[in-house]
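Right, one structure below, let's go through it.
The values are calculated or read from the model by the stated rules, or taken from the named source; none is laboratory data. Computed from a predicted structure; not experimentally measured. No Cβ is skipped: glycine too gets one built from the backbone with ideal geometry, and neighbour counts run over all protein chains shown. These area figures cover heavy atoms from the full protein model, side chains too; ligands, DNA and RNA do not enter into them. Shrake-Rupley method; radii C 1.70, N 1.55, O 1.52, S 1.80 Å.
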Amino acid sequence: MYLAQLQQLELSQYLPPDELAARQWRQVEQVLWHASRTVPFYRDRLRRAGIRAGRPVSPEQWRAIAPLTREEIQTAGDRLHSTKVPAAHGGSATASTSGSTGKPITVRKTALEQFFWNVFTLREELWHGRDLGGRFAAIRHDPTHRSGAPTKPTRMQDWGPPVGAVYPTGPGAVFDIRATVAEQVEWLRREQPNVLLTFASNMLALARHCRAHDIALPSLRALRTSGDMLHESTRETCREVFGLELADMYSAVETGYIAVQCPDHEHYHVQAENLLLEVVDDAGAPCAPGRPGRVLLTPLLNFAMPLIRYEVGDIAELGPSCPCGRTLPVLTRILGRARDMLLLPSGDRRFPHHNNRKMVNFPAIVQYQLAQVGRERIDFRLVTRRPLTAEEEADLRATVLAGLGHPFDLHLVYLDEIPRTAAGKFEEFRCEYEP
């Protein structure tokens, strides 16, 4: 099934742009009709836009649908769930995320959507022509380690699903990102992987550490990043330190793959078979290529919890057609996902994992941001629907500190609003302290 769908994607990525857009729109209409019939939240919303099940949807009607915000997802709850998910889409499960906005939400997804997540993972591997027989290493959150920095990696016989389910691969291993950068580098020296996957901000920290300590990692053949914004300085540093080009991807827990870096250029191809992506200005009008705007996403395959014109909280910029021949839309820049590195009292730095997916366990929280303002002090800035109880505050502190892996002095700071940066970005974690 994976290989059959990959063959379909091989054809669709070269479709004439008008045909690709027409196919997208037909699927958008299916999502809208399904939502209008089976999702309580959307019944009045779509009716006001003039949308009726079985009737064609005009561009004017589409633009009349108000973008879906994370705050609405937080408050709508089960009203966003379909009362009749098509049986062919398989069972459903939930996933939680705070995304790039610090606003925790839970989404419901189907087995069909997970299948396509895996298919797009395979597409990304094939686009970049990696040697699947090599050793794979990922530095990310490893849920098998529940507190502190891990001392042992999680080892796999292959690269894990879906790659290992389709192709013969070399061995794989996962190291927890809560380890310090120095510990990560020492593990990489022992592991000698050929392919490394981690967050962009963590990849930069690894490269800087290797440069500062004159450490070489000669086994590396491919670098992959995801999860936060990739700065050009990160690409330049990795070229200098590792002699390699980065391959980045743009995805979200709630929507799946959004865009994947072109194998021939540094810009990204929107995964148009998976979702409809819009870039709009503050008035809601489409942005021309080269003009940054707000990203709205409409997944085409999630009939358990449709997200229609979902404002993911990122800023991006569309680009012209790609000379590689693929007709998938182009994103030249993606903003709004930058993360700083946490500074430990020892002077080491590491990724600021803070159990972000558990923030949905605190429904009073609308938005949050962690800011390191001192060597031992973290301010947890909160926008809430009501003040947290003493018990909730204690649970929140314990949850965050367990993720950070160090007993920081954690201060809860209640605010009316957490501002974005001048570039329009929201940073879930900020290191505002420099020794």
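Of the conditions (1) under 29 Å from Phe380 (Cβ atoms); (2) open to solvent by 30 Å² or more (accessible area, probe 1.4 Å); (3) in contact with a strand residue (DSSP E or B) (Cβ under 8 Å, 6 or more places away or on another chain), Pro329 clears all except one; give me its number.
Only one criterion is unmet by Pro329, namely (1).
Can you work out which of the residues in region 312-321 that are at pLDDT 90 or above and open to solvent by 10 Å² or more (accessible area, probe 1.4 Å) is nearest to Glu71 (Cα to Cα)?
Ranking the qualifying residues of region 312-321, first place goes to Glu317.
What's the number of the condition Gly405 fails, among (1) open to solvent by less than 60 Å² (accessible area, probe 1.4 Å); (2) on the phi < 0 side of the Ramachandran plot?
With respect to (1) open to solvent by less than 60 Å² (accessible area, probe 1.4 Å); (2) on the phi < 0 side of the Ramachandran plot, Gly405 is out only on (2).
Six or more apart or on different chains, Cβ under 6 Å: which pairs go from a residue in region 284-307 that's in a loop (DSSP other than H, G, I, E, B) to one that's acidic (Asp, Glu)? Could you list them?
Close Cβ pairs (under 6 Å, with a partner that is acidic (Asp, Glu)) amount to Cys287/Asp281; Pro292/Glu317; Leu301/Glu113; Asn302/Glu113.
Kindly provide the set of residues from region 195-213 that are hydrophobic (A, V, I, L, M, F, W, C) and either open to solvent by 40 Å² or more (accessible area, probe 1.4 Å) or touching a strand residue (DSSP E or B) at 6+ places or on another chain (Cβ under 8 Å) (or both), ordered by number.
If the condition is that a residue be hydrophobic (A, V, I, L, M, F, W, C) and either open to solvent by 40 Å² or more (accessible area, probe 1.4 Å) or touching a strand residue (DSSP E or B) at 6+ places or on another chain (Cβ under 8 Å) (or both), then Val195, Leu196, Leu197, Phe199, Ala200, Met203, Ala205, Leu206, Ala212 are the ones that fit.
Could you count how many residues in region 370-396 are open to solvent by less than 10 Å² (accessible area, probe 1.4 Å) and of a type in the set (S, T, N, Q)?
Of the residues in region 370-396, 1 are open to solvent by less than 10 Å² (accessible area, probe 1.4 Å) and of a type in the set (S, T, N, Q).
Return a yes/no flag: does region 369-391 have any residue that is under 20 Å from the mean Cα position of the chain (by Cα), in a strand (DSSP E or B), farther than 14 Å from Arg178 by Cβ and not acidic (Asp, Glu).
So far as region 369-391 goes, yes, one or more of its residues are under 20 Å from the mean Cα position of the chain (by Cα), in a strand (DSSP E or B), farther than 14 Å from Arg178 by Cβ and not acidic (Asp, Glu).
Can you find, within region 228-254, the residue that is surrounded by the fewest Cβ atoms within 10 Å (Cβ to Cβ) among those that are among the aliphatic types (A, V, I, L, M) and touching a Lys or Arg at 6+ places or on another chain (Cβ under 7 Å)?
Only one residue tops the list, namely Val241.
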